[in-house]
Amino acid sequence: MDNNNNAVTDQFDSPEANPGKIAVIGGGNIGEALVAGLVKAGVDPNSIFVTNRRSERSAELAERYGVVTGSDNVEAVSGASLCFLCVKPAQVIDVIGEISETLTHHDEQTALVSMAAGVTLAAMESAVSAAGTPLVRVMPNTPMLVGKGVHVVACGRYVDDETRQRVLRLLAVTGKVVEIPEKLIDAATAVSGAGPAYFFLFTEALIDAGVALGLTRDVAEELAAATVWGSGEMLMGDDSAAALRYAVTSPGGSTFRGIRELEESGVRGAIFRATEAVAERSAGLGG
Ligand SMILES: NC(=O)c1ccc[n+]([C@@H]2O[C@H](COP(=O)([O-])OP(=O)(O)OC[C@H]3O[C@@H](n4cnc5c(N)ncnc54)[C@H](OP(=O)(O)O)[C@@H]3O)[C@@H](O)[C@H]2O)c1
């Protein structure tokens, strides 16, 4: 599955396309990014119920997006066709325990979609009281805030095709959707879940390096950010990362000297080690 979000923007304007009530448990970074994307794509804000523990945060989200907010998770999931779990991994199982009875007894077949790292479908399955509850694991990333996220998705055994399509279609409005087997989710977390942080760090270092060479910080920031943006657009084309790099490193040229310095400093090895560390940590987060 490889969706481009541009193709689906505004698809929820028609009543028949409306996904019904959506609960978002945990309106933090990821919860907000999801809500922002859904509202921007035309999902009726009145059909989105977001919960937080802090009332200030709820008020902020209500004002920013016009969504319904509160702190009662049971009220949020009651009658919802989809429930996104956007709390920290350590809280997922407790939250499922809290809403489980409601999911069993209301008329809707609610699909539970967890955005949390490390919490397996098997662990979620043991926590729900109704056997057969459709469960989905998603590893998102924060660029979904600007409609350019990546969602890595693994569906559980009780997800039928209609539910799967509904979930994938909703996620696609905030970014690309890539389905993979669950056993690869920690690897994907190390690449795309944590990936934005690597690029932010790299950009930060590039800015400082530009300032060290005499650029003003404003100019260095503009140059670095625009370079990451343009390079990202090129990477979304047909050419591989390697081919694009070869094209900008002419034989014996100045860029080649820079690449050699990076290689000799162990940048490639650092990326292997960083991603291994993330995958390992992510696998352990579910407890
Ligand atoms: N951040 C990322 O880049 C990223 C990337 C991929 C996946 N994820 C996954 O996304 C999930 C959320 O991460 P995050 O960065 O968005 O965390 P976050 O900013 O700390 O947000 C968590 C939110 O959950 C709320 N919350 C906590 N307990 C709750 C409860 N019992 N009922 C309702 N709401 C509750 C918190 O509200 P209060 O503040 O009011 O307590 C907070 O708004 C995590 O499981 C993480 O693994 C994050």
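Solvent-accessible area assigned to carbon and sulfur over the chain amounts to 57 percent, based on a 1.4 Å probe.
In degrees between 0 and 90, to the nearest 10, how far off the longest principal axis of the chain does helix 267-284 point, with axes built from Cα atoms? Approximately 10 degrees, to the nearest 10.
When 1/r is averaged over all different Cα pairs and the result inverted, which Kirkwood radius in Å belongs to the stretch 195-284? Walk me through the numbers on the way to the answer.
Working: mean 1/r = 0.0666 Å⁻¹.
Answer for the stretch 195-284: a Kirkwood hydrodynamic radius of 15.0 Å.
Can you compute the charge dipole magnitude of the chain about its Cα centre, using +1 on each Lys and Arg Cβ and -1 on each Asp and Glu Cβ, nothing else charged? Give it in debye, rounded to the nearest 20.
Details: 22 positive and 36 negative charges, 113 e Å.
It works out to roughly 540 debye.
Straight-line cross-link partners of Lys176 among the lysines, defined as a Cα under 19 Å from its Cα and at least 8 positions apart when in the same chain: Lys40, Lys148. Placing unit charges on the Cβ atoms only, positive for Lys and Arg and negative for Asp and Glu, gives the stretch 151-287 a dipole magnitude near 220 debye about its Cα centre.
When DSSP assigns beta bridges and you keep just the ones with both residues in the chain, what percent turn out antiparallel, to the nearest 5?
Numbers: 4 of 27 bridges.
Antiparallel: roughly 15 percent of the beta bridges in the chain.
Scaled against 2.2 N^0.38 Å for its residue count N, the alpha carbon radius of gyration of the stretch 144-235 is 1.45.
For the chain, report the translational diffusion coefficient in µm²/s to the nearest whole number, using Stokes-Einstein at 20 °C, 1.002 mPa s, and a Kirkwood Rh over Cα pairs. Show your work: numbers first, answer last.
Working: Rh = 20.5 Å.
This corresponds to a translational diffusion coefficient of 104 µm²/s.
With all protein chains kept in place, the per residue accessible area of the stretch 133-218 amounts to 48 square angstrom at a probe of 1.4 angstrom.
The values are calculated or read from the model by the stated rules, or taken from the named source; none is laboratory data. Note that the structure is predicted; figures quoted are calculated from it, not measured. Quick reminder, even Gly has a Cβ in these numbers, built from the backbone with ideal geometry, and neighbours come from all protein chains shown. Areas reflect the complete protein model, heavy atoms only, side chains present, ligands, DNA and RNA absent. Shrake-Rupley method; radii C 1.70, N 1.55, O 1.52, S 1.80 Å.
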